[in-house]
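Notes follow once the structure below has been shown.
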């Protein structure tokens, strides 16, 4: 695939978010990229050199569409990377990467605490269907990682901060261990976002972002991205997972995310500031049993987060309250401006309980096994969010 050079590479992330991937529309002169909903494009008169599984030529929307390509330029720029592939969802991006990299008999080391879809793919699907050896490890424990990553390891996958406990893993140290053993490293960067953390700068080979979350930021479109400087493997991913498995993003979703990404740096700056304020407030509450947020000095991963996360600590706070599952549900239902819903990274704050009967609860540190709540901070006024949390806690007697 031909890749456009980033003309705005020397500028800051806020400027790149606005200008990269944007240009004048050739037909109308409009200064906004148009939405192209076509699923088929005119072929060249001479078809002798056309590869129908290629992404080099606009021919069919499964092979790529203009809105996808413009968004890929922008996402690559946000990571200071050479290339990005945008697909239908964050899980589609994860699957595309794993599907392309792994073969039967390969060994994968992945986090004990991870996004549910990663747990499903490695704990069940890749293991049982394709004979991939999958090994869970506490990625926040470098000694444990060192023991788990052997010379036969093909892939080490990281989430940092992880979903849902907010554990912080040392990307640079894990990359060193992996590369010494011939393994490649992928990092799910969704909780951090490229505003706060760019894993390629610490030696990671691949980064995955759920564009659905902070980069889109409006809760109205799904998408995922793989970001890398390994152009040969990126072309393989396009061929194997996009064109021939079909995980392509729709033009409309790509157009929506492209629009949402323009304000991403501004939103992330505000969310970083508000989240830290709320985390400190939660930490002061008597009946809050723990607060896991990398920006807190009390957090186990705080010093590492300061080194890795350059602009802030993200918008997700994991915390617990002294309550059983039903009381936690009543607390969430009593909130007035915070939405009781899954997902994260929206303009509105979102809250979701992690029940004690979750099948993976034994994999979490013990403190997370009762009254555990994942909270995604939005763009509301911080005092309004705090007031809402306060009245909901009081409504259940805390």
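Is it the case that the range 310-324 has a residue that's surrounded by 16 or more Cβ atoms within 10 Å (Cβ to Cβ) and assigned to a helix (DSSP H, G or I)? No - not one qualifying residue is present in the range 310-324. Scan the range 209-233 residue by residue and report those that are buried (at least 24 other Cβ atoms within 10 Å of the Cβ), outside any strand (DSSP E or B) and touching a strand residue (DSSP E or B) at 6+ places or on another chain (Cβ under 8 Å). 211, 212, 215, 223 - these are the residues of the range 209-233 that are buried (at least 24 other Cβ atoms within 10 Å of the Cβ), outside any strand (DSSP E or B) and touching a strand residue (DSSP E or B) at 6+ places or on another chain (Cβ under 8 Å). Of the residues in the range 266-282, not one is over 17 Å from the mean Cα position of the chain (by Cα), assigned to a helix (DSSP H, G or I) and over 25 Å from residue 196 (Cα atoms).
Here the condition is being surrounded by 23 or more Cβ atoms within 10 Å (Cβ to Cβ), modelled with pLDDT of 95 or more and closer than 26 Å to residue 359 by Cβ; of 148, 183, 178, 93, it holds for 93 alone. Within the range 36-49, being under 24 Å from residue 237 (Cα atoms) and more than 35 Å from the chain's Cα centre (by Cα) holds for 43, 49.
State whether the residues of the range 63-76 include one that is out of contact with any strand residue (DSSP E or B) (no Cβ under 8 Å at 6 or more places or on another chain), farther than 24 Å from residue 171 by Cα, assigned by TED's automatic domain parsing to the domain that holds residue 229 and in a loop (DSSP other than H, G, I, E, B). Checking the range 63-76: not a single residue is out of contact with any strand residue (DSSP E or B) (no Cβ under 8 Å at 6 or more places or on another chain), farther than 24 Å from residue 171 by Cα, assigned by TED's automatic domain parsing to the domain that holds residue 229 and in a loop (DSSP other than H, G, I, E, B). For residue 300, the conditions (1) in a loop (DSSP other than H, G, I, E, B); (2) within 29 Å of residue 76 (Cβ to Cβ); (3) out of contact with any helix residue (DSSP H, G or I) (no Cβ under 8 Å at 6 or more places or on another chain); (4) in contact (Cβ under 8 Å) with a residue 40 or more places away in the chain are fulfilled apart from (2).
At pLDDT 95 or above, closer than 16 Å to residue 372 by Cα and surrounded by 19 or more Cβ atoms within 10 Å (Cβ to Cβ), is that true of residue 282?
Details: at pLDDT 95 or above: yes; closer than 16 Å to residue 372 by Cα: yes; surrounded by 19 or more Cβ atoms within 10 Å (Cβ to Cβ): yes.
In short, yes.
Rundown of residues vs (1) over 20 Å from residue 214 (Cβ atoms); (2) surrounded by fewer than 20 Cβ atoms within 10 Å (Cβ to Cβ), yes/no style:
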{"residue": "329", "(1), (2)": "yes, yes"}
{"residue": "337", "(1), (2)": "no, yes"}
{"residue": "344", "(1), (2)": "no, no"}
{"residue": "363", "(1), (2)": "yes, yes"}
{"residue": "373", "(1), (2)": "no, no"}
{"residue": "381", "(1), (2)": "no, yes"}
{"residue": "389", "(1), (2)": "yes, no"}
{"residue": "394", "(1), (2)": "yes, yes"}
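If you go through the range 51-69 and keep only what is buried (at least 17 other Cβ atoms within 10 Å of the Cβ) and in contact with a helix residue (DSSP H, G or I) (Cβ under 6 Å, 6 or more places away or on another chain), you end up with 55, 63, 65, 67, 68.
The values are calculated or read from the model by the stated rules, or taken from the named source; none is laboratory data. Note that the coordinates shown come from a computational prediction; the quantities given were computed from them, not determined experimentally. Virtual Cβ from ideal backbone geometry, glycine too; neighbours counted across all protein chains shown.
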